[in-house]
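Heads up, the thing below is written out as structure tokens.
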Amino acid sequence: MFLHTSIRTGNLGKSIEFYTKHFGLVVKSRREIPQNDAEIAFLQDPEGRGAKLELTFYRKQTQFIQPDYENRLFDHLAFEVKDMIKTIATMRSEGVTITDEPFRLSKDGSLIAFIEDPDGTLIELIEKE
């Protein structure tokens with residue numbers, strides 16, 4: 001069973017706010033990791049379905065540099081949205097980086113778009129029909 005994905009963040013509070021506000025996730029747990037001078041938070045959908053997202057904040061990490069798209073090892077996270085146009089409009093008004101406007105890979109395919117979280121992690125939005 002797949003349990004969680006961990007991504008690093010430069011500001012744990014800002015990332016928690018982003019994922020709870022835009023994707024409806026809730027904080028399941030949050031704790032200090034003194035061995036690594038870090039703090040982590042686990043987020044998941046309110047019903048506890050699916051894998052968790054672990055946000056990791058290393059206090060000594062000072063650089064958060066995402067390589068150019070072609071050089072990334074980690075590609076993206078994906079979230080289903082109910083209304084792509086409304087979601088993109090809200091995110092745009094709040095200054096979220098939209099890297100790929102909504103499009104379909106095929107005539108009958110799902111509507112998808114790509115955005116970045118506050119640290120530049122690429123996120124795919126998927127509106128299923």
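Regarding Glu101, is this residue within 13 Å of Pro118 (Cα to Cα), exposed (fewer than 12 other Cβ atoms within 10 Å of the Cβ) and assigned by TED's automatic domain parsing to the domain that holds Leu125? Quick ask: steps written out before the conclusion?
On the way: within 13 Å of Pro118 (Cα to Cα): no; exposed (fewer than 12 other Cβ atoms within 10 Å of the Cβ): yes; assigned by TED's automatic domain parsing to the domain that holds Leu125: yes.
Criteria not met by Glu101.
Please return the ranges of strands (runs of 3 or more DSSP E) entirely within region 18-129 where 2 or more residues are within 17 Å of Arg8 (Cα to Cα) and out of contact with any helix residue (DSSP H, G or I) (no Cβ under 7 Å at 6 or more places or on another chain).
26-33, 38-44, 52-58, 77-80, 122-127
Pairs please, first residue from region 21-34 and among the acidic types (Asp, Glu), second anywhere and surrounded by 12 or more Cβ atoms within 10 Å (Cβ to Cβ) and modelled with pLDDT of 95 or more, Cβ atoms under 6 Å, 6+ apart in sequence or on different chains.
Going by the 6 Å Cβ cut-off, the qualifying pairs are Glu32/Glu39.
The values are calculated or read from the model by the stated rules, or taken from the named source; none is laboratory data. Small disclaimer: the values here were computed from a predicted structure and weren't measured. Glycine gets a Cβ as well: all are built from the backbone with ideal geometry, and neighbour counts include every protein chain shown.
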